[in-house]
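The values are calculated or read from the model by the stated rules, or taken from the named source; none is laboratory data. Please read these numbers as outputs of a predicted model, since none were measured by experiment. Positions of Cβ are backbone-derived with ideal geometry, glycine not excepted, and every protein chain shown enters the neighbour counts.
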Amino acid sequence: MSREGEGPLQRWLELRDEVKRRIEYRSFYLRYCPEARQTGARLQALCPIPAHAHSGRGHPSLSVDLQQGLFNCFSRDEGGDALTFYQLMHGVTFAEAVRLLARELGIGEEGGGARRPSLAAASAPDAESAVEEAGDFAPLDEGRTHAVCESFLEVCREEEQLEGLNYLARRGIDSRTARGAGLAYFPRRAYRRVMRRMLDCFPLETLQRGGLFNRKEHLTFYRHRLLFPFLVEGRAVYLQARTTASGVEPRWHNMRGPVPSLYNLDALRNLPSGSVVHLVEGFTDTLTLTAHGFHAVGLVGAGGLKDEWLAPLARFRVVAALDPDDAGRRAAARYREMFARRGSGLAVLNLPADVNDFFRQHPAAALEFELLAETALEAMRDEG
Ligand SMILES: [Zn+2]
(Lines give C-alpha, C1' and ligand atoms only; values in the text may rest on other atoms or scores of the structure.)
Protein backbone atom coordinates (compact mmCIF):
# COMPACT_ATOMS: atom_id res chain seq x y z
CA MET A 1 0.00 0.00 0.00
CA SER A 2 1.28 3.41 -0.89
CA ARG A 3 1.25 5.42 2.28
CA GLU A 4 0.96 8.73 0.49
CA GLY A 5 -1.74 7.67 -1.96
CA GLU A 6 0.20 9.65 -4.55
CA GLY A 7 1.51 6.95 -6.87
CA PRO A 8 1.23 7.31 -10.64
CA LEU A 9 -1.86 5.07 -10.76
CA GLN A 10 -3.57 7.28 -8.19
CA ARG A 11 -2.85 10.35 -10.32
CA TRP A 12 -4.31 8.71 -13.43
CA LEU A 13 -7.44 7.72 -11.58
CA GLU A 14 -7.88 11.23 -10.20
CA LEU A 15 -7.46 12.67 -13.68
CA ARG A 16 -9.95 10.15 -15.07
CA ASP A 17 -12.46 11.13 -12.38
CA GLU A 18 -11.98 14.78 -13.21
CA VAL A 19 -12.56 14.07 -16.91
CA LYS A 20 -15.78 12.28 -15.99
CA ARG A 21 -16.88 15.17 -13.79
CA ARG A 22 -16.32 17.77 -16.50
CA ILE A 23 -17.34 16.00 -19.68
CA GLU A 24 -20.67 16.97 -21.20
CA TYR A 25 -21.97 13.65 -22.47
CA ARG A 26 -24.49 14.90 -24.98
CA SER A 27 -22.09 17.00 -27.02
CA PHE A 28 -19.36 14.37 -26.62
CA TYR A 29 -21.44 11.56 -28.19
CA LEU A 30 -23.11 13.85 -30.76
CA ARG A 31 -19.69 14.68 -32.13
CA TYR A 32 -19.39 11.06 -33.26
CA CYS A 33 -23.07 10.50 -34.02
CA PRO A 34 -24.43 13.79 -35.39
CA GLU A 35 -27.54 11.99 -36.68
CA ALA A 36 -28.47 10.60 -33.26
CA ARG A 37 -32.07 10.80 -32.08
CA GLN A 38 -32.72 11.85 -28.50
CA THR A 39 -35.56 10.44 -26.41
CA GLY A 40 -35.55 11.67 -22.84
CA ALA A 41 -32.06 11.10 -21.45
CA ARG A 42 -31.10 8.58 -24.18
CA LEU A 43 -29.52 8.87 -27.60
CA GLN A 44 -30.14 6.28 -30.35
CA ALA A 45 -27.71 6.25 -33.26
CA LEU A 46 -26.06 4.17 -35.94
CA CYS A 47 -22.98 2.79 -34.22
CA PRO A 48 -19.84 4.56 -35.51
CA ILE A 49 -17.25 2.32 -33.79
CA PRO A 50 -14.79 1.46 -36.62
CA ALA A 51 -13.90 -2.03 -35.37
CA HIS A 52 -17.58 -3.02 -35.41
CA ALA A 53 -17.64 -2.51 -39.17
CA HIS A 54 -21.39 -1.88 -39.32
CA SER A 55 -22.94 -1.44 -42.74
CA GLY A 56 -24.17 2.04 -41.78
CA ARG A 57 -27.74 1.09 -42.72
CA GLY A 58 -30.62 -0.48 -40.91
CA HIS A 59 -31.53 -0.11 -37.25
CA PRO A 60 -29.55 2.21 -34.96
CA SER A 61 -27.71 -0.22 -32.68
CA LEU A 62 -26.00 2.32 -30.43
CA SER A 63 -27.78 3.49 -27.32
CA VAL A 64 -26.34 6.13 -25.00
CA ASP A 65 -27.47 6.87 -21.45
CA LEU A 66 -26.80 10.60 -21.16
CA GLN A 67 -27.14 10.66 -17.41
CA GLN A 68 -24.45 8.04 -16.75
CA GLY A 69 -22.53 8.68 -19.96
CA LEU A 70 -22.64 4.95 -20.80
CA PHE A 71 -22.97 3.54 -24.32
CA ASN A 72 -24.02 0.14 -25.57
CA CYS A 73 -23.93 -1.35 -29.04
CA PHE A 74 -26.63 -4.03 -29.10
CA SER A 75 -25.45 -5.43 -32.39
CA ARG A 76 -21.93 -6.31 -31.13
CA ASP A 77 -22.84 -6.50 -27.45
CA GLU A 78 -20.13 -4.04 -26.49
CA GLY A 79 -20.52 -1.13 -24.10
CA GLY A 80 -18.84 1.01 -21.49
CA ASP A 81 -18.22 4.59 -20.41
CA ALA A 82 -17.19 7.62 -22.44
CA LEU A 83 -13.50 6.82 -22.02
CA THR A 84 -13.98 3.33 -23.46
CA PHE A 85 -15.93 4.88 -26.33
CA TYR A 86 -13.10 7.32 -26.99
CA GLN A 87 -10.57 4.47 -26.94
CA LEU A 88 -12.64 2.50 -29.46
CA MET A 89 -13.20 5.48 -31.73
CA HIS A 90 -9.56 6.57 -31.82
CA GLY A 91 -7.79 3.26 -31.28
CA VAL A 92 -5.87 4.58 -28.27
CA THR A 93 -5.00 3.17 -24.85
CA PHE A 94 -6.74 4.10 -21.59
CA ALA A 95 -3.93 6.44 -20.54
CA GLU A 96 -3.91 8.17 -23.92
CA ALA A 97 -7.68 8.57 -23.83
CA VAL A 98 -7.51 10.14 -20.35
CA ARG A 99 -4.66 12.45 -21.34
CA LEU A 100 -6.24 13.59 -24.63
CA LEU A 101 -9.68 14.16 -23.14
CA ALA A 102 -8.21 16.00 -20.16
CA ARG A 103 -6.35 18.29 -22.57
CA GLU A 104 -9.51 18.83 -24.60
CA LEU A 105 -11.44 19.75 -21.46
CA GLY A 106 -8.70 22.12 -20.30
CA ILE A 107 -7.89 20.09 -17.20
CA GLY A 108 -4.44 20.54 -15.71
CA GLU A 109 -3.34 23.20 -18.18
CA GLU A 110 -2.17 25.57 -15.49
CA GLY A 111 0.92 23.37 -15.38
CA GLY A 112 1.91 19.83 -14.62
CA GLY A 113 -0.56 17.98 -16.84
CA ALA A 114 -1.41 14.65 -15.27
CA ARG A 115 0.53 15.65 -12.19
CA ARG A 116 -2.07 18.25 -11.30
CA PRO A 117 -5.17 16.73 -9.77
CA SER A 118 -8.35 18.75 -9.31
CA LEU A 119 -8.86 20.97 -6.28
CA ALA A 120 -11.61 18.66 -5.10
CA ALA A 121 -9.11 15.78 -5.06
CA ALA A 122 -6.25 17.86 -3.67
CA SER A 123 -8.36 19.17 -0.81
CA ALA A 124 -9.63 15.76 0.32
CA PRO A 125 -8.99 15.22 4.05
CA ASP A 126 -6.28 12.68 4.89
CA ALA A 127 -7.54 9.25 5.88
CA GLU A 128 -7.48 8.98 9.67
CA SER A 129 -5.32 5.85 9.41
CA ALA A 130 -2.72 7.69 7.32
CA VAL A 131 -2.54 10.47 9.89
CA GLU A 132 -2.03 8.03 12.74
CA GLU A 133 0.53 5.99 10.83
CA ALA A 134 2.52 9.06 9.98
CA GLY A 135 2.68 9.99 13.64
CA ASP A 136 4.10 13.39 12.80
CA PHE A 137 0.83 15.28 13.15
CA ALA A 138 0.48 15.43 16.91
CA PRO A 139 -2.76 17.19 17.89
CA LEU A 140 -2.55 20.90 18.66
CA ASP A 141 -2.72 22.14 22.22
CA GLU A 142 -5.77 24.09 23.32
CA GLY A 143 -4.29 27.53 22.87
CA ARG A 144 -3.21 26.96 19.33
CA THR A 145 -6.47 25.19 18.44
CA HIS A 146 -8.35 28.31 19.55
CA ALA A 147 -6.03 30.61 17.61
CA VAL A 148 -6.44 28.56 14.43
CA CYS A 149 -10.24 28.44 14.79
CA GLU A 150 -10.53 32.17 15.40
CA SER A 151 -8.30 33.08 12.46
CA PHE A 152 -10.10 30.71 10.11
CA LEU A 153 -13.45 32.27 11.02
CA GLU A 154 -12.06 35.78 10.60
CA VAL A 155 -10.56 34.99 7.21
CA CYS A 156 -13.88 33.47 6.05
CA ARG A 157 -15.92 36.41 7.29
CA GLU A 158 -13.96 38.73 5.00
CA GLU A 159 -15.47 36.84 2.06
CA GLU A 160 -18.96 37.19 0.61
CA GLN A 161 -21.41 35.59 3.09
CA LEU A 162 -24.54 35.75 0.94
CA GLU A 163 -24.69 32.14 -0.30
CA GLY A 164 -24.24 30.84 3.22
CA LEU A 165 -26.86 33.18 4.67
CA ASN A 166 -29.32 32.24 1.92
CA TYR A 167 -28.80 28.58 2.67
CA LEU A 168 -29.58 29.20 6.35
CA ALA A 169 -32.55 31.44 5.54
CA ARG A 170 -34.12 28.61 3.53
CA ARG A 171 -33.99 26.59 6.75
CA GLY A 172 -35.59 29.32 8.82
CA ILE A 173 -32.38 30.58 10.42
CA ASP A 174 -32.13 34.35 10.08
CA SER A 175 -28.90 36.31 9.71
CA ARG A 176 -29.03 37.70 13.24
CA THR A 177 -29.14 34.18 14.70
CA ALA A 178 -26.33 33.13 12.35
CA ARG A 179 -24.16 36.06 13.42
CA GLY A 180 -24.94 35.45 17.08
CA ALA A 181 -23.77 31.86 16.73
CA GLY A 182 -20.56 33.03 15.05
CA LEU A 183 -21.21 31.22 11.77
CA ALA A 184 -18.98 32.00 8.81
CA TYR A 185 -18.99 31.09 5.13
CA PHE A 186 -16.84 31.48 2.05
CA PRO A 187 -17.78 30.88 -1.59
CA ARG A 188 -15.90 28.27 -3.56
CA ARG A 189 -14.33 30.93 -5.78
CA ALA A 190 -12.54 32.25 -2.69
CA TYR A 191 -11.00 28.87 -1.85
CA ARG A 192 -7.45 29.66 -2.96
CA ARG A 193 -7.45 33.05 -1.27
CA VAL A 194 -8.72 31.61 2.03
CA MET A 195 -6.04 28.90 1.79
CA ARG A 196 -3.30 31.50 1.19
CA ARG A 197 -4.46 33.72 4.04
CA MET A 198 -4.39 30.78 6.45
CA LEU A 199 -0.82 30.02 5.33
CA ASP A 200 0.04 33.67 6.02
CA CYS A 201 -1.26 33.26 9.59
CA PHE A 202 0.24 29.90 10.61
CA PRO A 203 3.01 27.47 9.66
CA LEU A 204 1.75 24.70 7.39
CA GLU A 205 2.55 22.11 10.04
CA THR A 206 0.25 23.78 12.57
CA LEU A 207 -2.60 23.78 10.07
CA GLN A 208 -1.96 20.13 9.22
CA ARG A 209 -1.92 19.15 12.87
CA GLY A 210 -5.28 20.86 13.29
CA GLY A 211 -6.68 18.96 10.29
CA LEU A 212 -7.39 22.19 8.42
CA PHE A 213 -4.77 21.27 5.84
CA ASN A 214 -3.92 17.83 4.45
CA ARG A 215 -0.65 16.21 3.45
CA LYS A 216 -1.07 17.62 -0.04
CA GLU A 217 -0.79 21.03 1.63
CA HIS A 218 -4.33 22.03 0.72
CA LEU A 219 -7.12 23.42 2.86
CA THR A 220 -9.50 20.50 3.50
CA PHE A 221 -12.58 22.74 3.71
CA TYR A 222 -13.38 22.80 -0.01
CA ARG A 223 -16.82 21.26 -0.26
CA HIS A 224 -17.68 22.20 3.33
CA ARG A 225 -17.54 25.97 3.58
CA LEU A 226 -20.28 26.90 6.05
CA LEU A 227 -18.52 26.90 9.43
CA PHE A 228 -20.19 26.27 12.79
CA PRO A 229 -17.92 27.15 15.71
CA PHE A 230 -18.18 25.70 19.22
CA LEU A 231 -17.75 28.69 21.50
CA VAL A 232 -16.48 28.98 25.05
CA GLU A 233 -16.93 32.46 26.50
CA GLY A 234 -17.40 33.77 23.00
CA ARG A 235 -14.21 32.23 21.60
CA ALA A 236 -14.16 29.37 19.10
CA VAL A 237 -12.60 26.17 20.41
CA TYR A 238 -13.65 23.77 17.63
CA LEU A 239 -15.16 23.84 14.15
CA GLN A 240 -17.47 21.73 12.07
CA ALA A 241 -18.50 22.67 8.56
CA ARG A 242 -21.39 21.71 6.34
CA THR A 243 -21.75 21.53 2.59
CA THR A 244 -24.48 23.76 1.20
CA ALA A 245 -24.74 21.70 -2.00
CA SER A 246 -27.12 18.79 -2.31
CA GLY A 247 -25.76 15.32 -2.98
CA VAL A 248 -22.36 15.85 -1.31
CA GLU A 249 -21.42 13.04 1.08
CA PRO A 250 -20.36 13.28 3.80
CA ARG A 251 -22.35 16.42 4.52
CA TRP A 252 -20.11 17.40 7.44
CA HIS A 253 -16.42 17.92 7.83
CA ASN A 254 -14.61 18.91 10.99
CA MET A 255 -11.19 19.86 12.17
CA ARG A 256 -9.20 17.18 14.03
CA GLY A 257 -10.02 16.23 17.57
CA PRO A 258 -13.13 15.18 19.46
CA VAL A 259 -16.29 17.27 19.63
CA PRO A 260 -15.66 19.25 22.85
CA SER A 261 -19.18 19.82 24.19
CA LEU A 262 -22.80 20.21 23.34
CA TYR A 263 -23.25 22.72 20.54
CA ASN A 264 -24.34 26.21 21.59
CA LEU A 265 -23.61 25.58 25.26
CA ASP A 266 -21.99 28.99 25.50
CA ALA A 267 -25.37 30.63 24.84
CA LEU A 268 -26.57 29.39 28.26
CA ARG A 269 -23.86 31.29 30.15
CA ASN A 270 -26.06 34.16 31.32
CA LEU A 271 -29.32 32.25 31.41
CA PRO A 272 -31.05 32.21 34.85
CA SER A 273 -31.16 28.86 36.65
CA GLY A 274 -34.45 27.01 36.25
CA SER A 275 -34.88 28.16 32.64
CA VAL A 276 -36.12 25.66 30.08
CA VAL A 277 -33.34 24.38 27.79
CA HIS A 278 -33.98 22.13 24.81
CA LEU A 279 -31.70 19.28 23.91
CA VAL A 280 -31.89 18.59 20.17
CA GLU A 281 -29.99 16.87 17.36
CA GLY A 282 -27.69 18.88 15.16
CA PHE A 283 -26.81 22.48 14.40
CA THR A 284 -29.87 23.22 12.30
CA ASP A 285 -32.38 22.22 14.97
CA THR A 286 -30.41 24.10 17.62
CA LEU A 287 -30.35 27.31 15.61
CA THR A 288 -33.96 26.92 14.46
CA LEU A 289 -35.03 27.02 18.09
CA THR A 290 -32.63 29.88 18.85
CA ALA A 291 -34.11 31.87 15.96
CA HIS A 292 -37.54 31.46 17.60
CA GLY A 293 -36.40 32.66 20.99
CA PHE A 294 -35.90 29.28 22.68
CA HIS A 295 -32.75 28.15 24.45
CA ALA A 296 -31.27 25.06 22.87
CA VAL A 297 -28.15 22.96 22.81
CA GLY A 298 -27.37 20.38 20.13
CA LEU A 299 -25.85 16.95 19.97
CA VAL A 300 -23.55 16.69 16.99
CA GLY A 301 -21.31 13.86 15.96
CA ALA A 302 -21.76 10.14 16.17
CA GLY A 303 -21.06 9.51 19.84
CA GLY A 304 -24.22 10.99 21.31
CA LEU A 305 -24.45 12.52 24.75
CA LYS A 306 -21.47 12.20 27.09
CA ASP A 307 -21.70 12.11 30.88
CA GLU A 308 -19.20 14.92 31.30
CA TRP A 309 -21.48 17.24 29.29
CA LEU A 310 -24.34 16.99 31.77
CA ALA A 311 -22.93 19.09 34.62
CA PRO A 312 -23.45 22.47 32.90
CA LEU A 313 -27.12 21.52 32.31
CA ALA A 314 -27.85 20.63 35.94
CA ARG A 315 -29.25 24.07 36.85
CA PHE A 316 -31.81 24.06 34.02
CA ARG A 317 -35.08 22.29 33.23
CA VAL A 318 -34.07 20.23 30.21
CA VAL A 319 -36.48 19.03 27.52
CA ALA A 320 -35.23 16.65 24.86
CA ALA A 321 -36.70 17.02 21.35
CA LEU A 322 -34.92 14.37 19.33
CA ASP A 323 -35.77 13.00 15.90
CA PRO A 324 -39.10 11.12 15.80
CA ASP A 325 -37.60 7.79 14.69
CA ASP A 326 -36.52 4.62 16.51
CA ALA A 327 -32.99 5.88 16.97
CA GLY A 328 -34.30 9.15 18.45
CA ARG A 329 -36.63 7.34 20.86
CA ARG A 330 -33.92 4.94 22.00
CA ALA A 331 -31.53 7.85 22.52
CA ALA A 332 -34.13 9.76 24.56
CA ALA A 333 -34.63 6.76 26.88
CA ARG A 334 -30.88 6.37 27.34
CA TYR A 335 -30.34 10.08 28.04
CA ARG A 336 -33.16 10.01 30.55
CA GLU A 337 -31.28 7.33 32.50
CA MET A 338 -28.08 9.35 32.33
CA PHE A 339 -29.87 12.38 33.78
CA ALA A 340 -31.52 10.20 36.45
CA ARG A 341 -28.14 8.83 37.58
CA ARG A 342 -27.13 12.41 38.31
CA GLY A 343 -30.34 12.96 40.24
CA SER A 344 -31.94 15.23 37.66
CA GLY A 345 -34.78 14.76 35.23
CA LEU A 346 -35.08 14.93 31.49
CA ALA A 347 -38.46 15.71 29.97
CA VAL A 348 -39.03 14.18 26.57
CA LEU A 349 -41.04 15.92 23.90
CA ASN A 350 -42.43 13.85 21.04
CA LEU A 351 -42.76 15.89 17.88
CA PRO A 352 -44.38 14.55 14.70
CA ALA A 353 -41.32 15.74 12.71
CA ASP A 354 -37.79 16.85 13.45
CA VAL A 355 -37.57 20.34 14.92
CA ASN A 356 -36.59 22.10 11.70
CA ASP A 357 -39.40 20.50 9.67
CA PHE A 358 -41.89 21.15 12.46
CA PHE A 359 -41.10 24.85 12.42
CA ARG A 360 -41.25 25.03 8.64
CA GLN A 361 -44.56 23.18 8.39
CA HIS A 362 -46.51 24.78 11.25
CA PRO A 363 -47.41 28.47 11.12
CA ALA A 364 -47.96 28.55 14.90
CA ALA A 365 -45.01 26.26 15.59
CA ALA A 366 -43.41 28.40 18.29
CA LEU A 367 -46.54 28.46 20.44
CA GLU A 368 -47.27 24.76 19.86
CA PHE A 369 -43.70 23.89 20.70
CA GLU A 370 -43.77 25.85 23.94
CA LEU A 371 -47.01 24.16 25.02
CA LEU A 372 -45.70 20.70 24.14
CA ALA A 373 -42.57 21.41 26.19
CA GLU A 374 -44.66 22.49 29.19
CA THR A 375 -46.74 19.32 28.89
CA ALA A 376 -43.59 17.19 28.76
CA LEU A 377 -42.20 18.89 31.89
CA GLU A 378 -45.49 18.32 33.74
CA ALA A 379 -45.55 14.67 32.71
CA MET A 380 -42.01 14.28 34.08
CA ARG A 381 -42.95 15.90 37.39
CA ASP A 382 -46.00 13.62 37.72
CA GLU A 383 -43.88 10.53 37.09
CA GLY A 384 -41.12 11.66 39.43
ZN1 LIG B 1 -21.40 -1.16 -32.87
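Considering 215, 179, 197, the condition of being surrounded by fewer than 16 Cβ atoms within 10 Å (Cβ to Cβ), basic (Lys, Arg) and either in contact (Cβ under 8 Å) with a residue 24 or more places away in the chain or in a helix (DSSP H, G or I) (or both) is satisfied by 179 alone. When residue 157 is tested against (1) touching a helix residue (DSSP H, G or I) at 6+ places or on another chain (Cβ under 9 Å); (2) farther than 30 Å from residue 358 by Cα, just one condition goes unmet, and that condition is (1).
Candidates are the residues of region 63-81 that are in contact with a Phe, Trp or Tyr (Cβ under 6 Å, 6 or more places away or on another chain) and among the hydrophobic types (A, V, I, L, M, F, W, C); the one that is nearest to the ligand (Cβ to nearest atom) is 71. If you check residue 69 against the conditions, is it at positive phi and either surrounded by 15 or more Cβ atoms within 10 Å (Cβ to Cβ) or of a type in the set (Ser, Thr, Tyr) (or both)? In short, yes. Identify the residue in region 27-73 that is modelled with pLDDT under 90 and basic (Lys, Arg) and, among all such residues, is nearest to residue 88 (Cα to Cα). Looking at residues that are modelled with pLDDT under 90 and basic (Lys, Arg), I get 31. Note on region 154-170: residues that are closer than 16 Å to residue 222 by Cα and crowded, with 20+ Cβ neighbours inside 10 Å amount to 5.
For region 98-116, the criterion of a residue being within 16 Å of the ligand (Cβ to nearest atom), crowded, with 18+ Cβ neighbours inside 10 Å and at pLDDT 90 or above is satisfied by no position.
Looking across region 82-94, the residues that are β-branched (Val, Ile, Thr) and more than 13 Å from the ligand (Cβ to nearest atom) come down to 92, 93. Only one entry of 29, 25 meets the criterion of being within 16 Å of the ligand (Cβ to nearest atom), in contact (Cβ under 8 Å) with a residue 12 or more places away in the chain and within 38 Å of the chain's Cα centre (by Cα), and that entry is 29.
When region 334-367 is filtered for residues that are in contact with a strand residue (DSSP E or B) (Cβ under 8 Å, 6 or more places away or on another chain) and over 25 Å from residue 274 (Cβ atoms), only 354 remains. The residue list 280, 259 contains one member that is outside the structural domain of residue 172 (by TED's automatic domain parsing) and either more than 20 Å from residue 243 (Cα to Cα) or of a type in the set (Phe, Trp, Tyr) (or both), which is 280. Evaluate the following for residue 164: is it in contact with a strand residue (DSSP E or B) (Cβ under 7 Å, 6 or more places away or on another chain) and small (Gly, Ala, Ser)? Yes; evaluated as a whole, the condition is true for this residue.
Within region 49-61, the set of residues being more than 8 Å from the ligand (Cβ to nearest atom), assigned to a loop (DSSP other than H, G, I, E, B) and either surrounded by 10 or more Cβ atoms within 10 Å (Cβ to Cβ) or not hydroxyl-bearing (Ser, Thr, Tyr) (or both) comprises 53, 56, 57, 58, 59, 60. Selection of first residues in region 159-170 that are without any contact (Cβ under 8 Å) to a residue 60 or more places away in the chain and of second residues that are of a type in the set (S, T, N, Q) and assigned to a helix (DSSP H, G or I), restricted to Cβ pairs under 6 Å at least 6 apart or on distinct chains, gives the following pairs, ordered by first then second residue: 165/175.
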